[in-house]
There are 2 protein chains.
Amino acid sequence: MNFVMTPIGVIRTPFSDKSGMPIQPRFSQAVGRVEVFEEYAAGLQDLEGFSHVILIYALHRSEGYSLRVKPFLDDVARGLFATRHPGRPNPIGLSTVRLLAWRDRALEVEGIDVLDGTPLLDIKPYVPDFDARPDARAGWYENRPPDKEGRS
Amino acid sequence: MNFVMTPIGVIRTPFSDKSGMPIQPRFSQAVGRVEVFEEYAAGLQDLEGFSHVILIYALHRSEGYSLRVKPFLDDVARGLFATRHPGRPNPIGLSTVRLLAWRDRALEVEGIDVLDGTPLLDIKPYVPDFDARPDARAGWYENRPPDKEGRS
């Protein structure tokens, strides 16, 4: 059983190609604009009280996948599902970003790490009770080489 | 441009219907089993160092959506994208769960909040640097009625 996903908007960012793009939003102060298509705009109501949102999007430029990949932040090949590599069986990406402003059908966000033109699939409010596990252990990521700190 | 998603596995849980299901994983100690199909099993390597993973799945029982919904945890209708309601234009769900054990092609996880048989679309490692924002403000959720604490 397959599931067909249809973009509900588009993410505008300063990144027209992968070079120079931050590896992950925590290390980015880049500002982007999440434009929701008119027919979905009413669904943005009540987001103004949230400091962060989770963007779910299609990794539209990724082509195929490998089950073992060398992460950007490591020197060793890892199992794909232990990485955030964009080449995945289902090319779904997620990024938690800071919500700076909300106007009509657009969100201005900080900490964006996706290519300009990325198709938006969903927006979810970030709720620390559900989403924050500050003490989680992060396997190989915690022991990655010092030259792979991920700050671009 | 549409995107076709194909399940990479299935999530086994104690919840055969929506009644009695925890609202969100933070409030659940329920144990589930994430079974990845054989062809993807090699991608689970290196997950053993992670205490938590993010499951991405199809909300396969949701039917249609409304842009204003009354959340389980509130008495007031809210914009859909300010809620985690399962009825969404693209029925993608995400849950952060504790990784208890990993054997062959199955993960045993704690804190599961999905229906038995939920189609798995992706697994991502939970990395606090990327995913934890413990001080995030959570809008209406922080001011919800005291009888809607969400602990099932």
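The values are calculated or read from the model by the stated rules, or taken from the named source; none is laboratory data. Here the structure is a predicted model, which is why all the values come from computation and not from measurement. Because the Cβ atoms are built from the backbone with ideal geometry, glycine has one as well, and the counts that use them run over all protein chains shown. To get the accessible areas, we keep the full protein, side chains included, count just its heavy atoms, and leave off ligands, DNA and RNA. Shrake-Rupley method; radii C 1.70, N 1.55, O 1.52, S 1.80 Å.
Kindly give the distances from A:LYS18 to its copy-mates, label point to label point, with each label point 7 Å from Cα along Cα→Cβ, as nm values to one decimal ordered shortest first.
So the distances to the same position in the other copies read 4.0 nm.
What aspartates and glutamates sit close enough to B:LYS70 to cross-link, taking a C-alpha to C-alpha distance under 13 Å and skipping anything fewer than 8 places away on the same chain?
Within reach: A:ASP46.
Please state the relative contact order of chain A as a whole percent: Cα pairs under 8 Å, 6+ residues apart?
Numbers: 294 pairs, mean separation 59.0, N = 152.
Relative contact order comes out at 39 percent.
Work out the FRET efficiency for B:SER62 and B:ALA42 from their Cβ-Cβ distance, taking R0 = 35 Å, and round it to the nearest 0.05.
With a Förster radius of 35 Å, E is 0.65.
Just checking the output field for A:35-47: average partner chain Cβ neighbours within 10 Å of each residue's Cβ?
5
So, in Å, what gap is there between the alpha-carbon centers of segment A:1-65 and segment A:79-140?
Centre-to-centre distance over Cα atoms comes out at 8 Å.
Put a label point 7 Å from Cα along the Cβ direction on A:PRO134, then list its distances to the equivalent points in the other copies in nm, shortest first.
The projected label point of A:PRO134 is separated from its counterparts by 0.3 nm.
Run the reach check for A:LYS18 against aspartates and glutamates, Cα to Cα strictly under 12 Å, same-chain hits fewer than 8 apart removed. What comes back?
A:ASP113, A:ASP116
Over the residues of chain B, compute the C-alpha Rg and express it relative to 2.2 N^0.38 Å.
Rg over 2.2 N^0.38 Å, computed on Cα atoms: 1.08.
In terms of the Cα gyration tensor, with a ≥ b ≥ c the square roots of its eigenvalues, is the protein assembly as shown rounded because a/c is under 1.5, prolate because a/b exceeds b/c, or oblate? Write out the running numbers ahead of the final one.
Details: a/c = 1.42, a/b = 1.10, b/c = 1.29.
Cα axes put the protein assembly as shown in the rounded bin.
To the nearest 100 Å², how much accessible surface do chains A and B hide from each other in total, with a 1.4 Å probe?
Values: alone 9850 and 9870 Å², together 12920 Å².
Chains A and B together bury roughly 6800 Å² of accessible area.
With label points built 7 Å along Cα→Cβ from the Cα atoms of B:GLU110 and B:THR6, find their separation and express it in nm.
3.6 nm
List the distances, in nm to one decimal, from the label point of A:SER62 to the label points of the same position in every other copy, shortest first, placing each label point 7 Å from Cα along the Cα-to-Cβ direction.
In nanometres, ordered from closest: 2.0.
Taking each residue in A:93-101, count the Cβ atoms of any other chain within 10 Å of its Cβ, then average. What number comes out?
Mean shielding count: 3.
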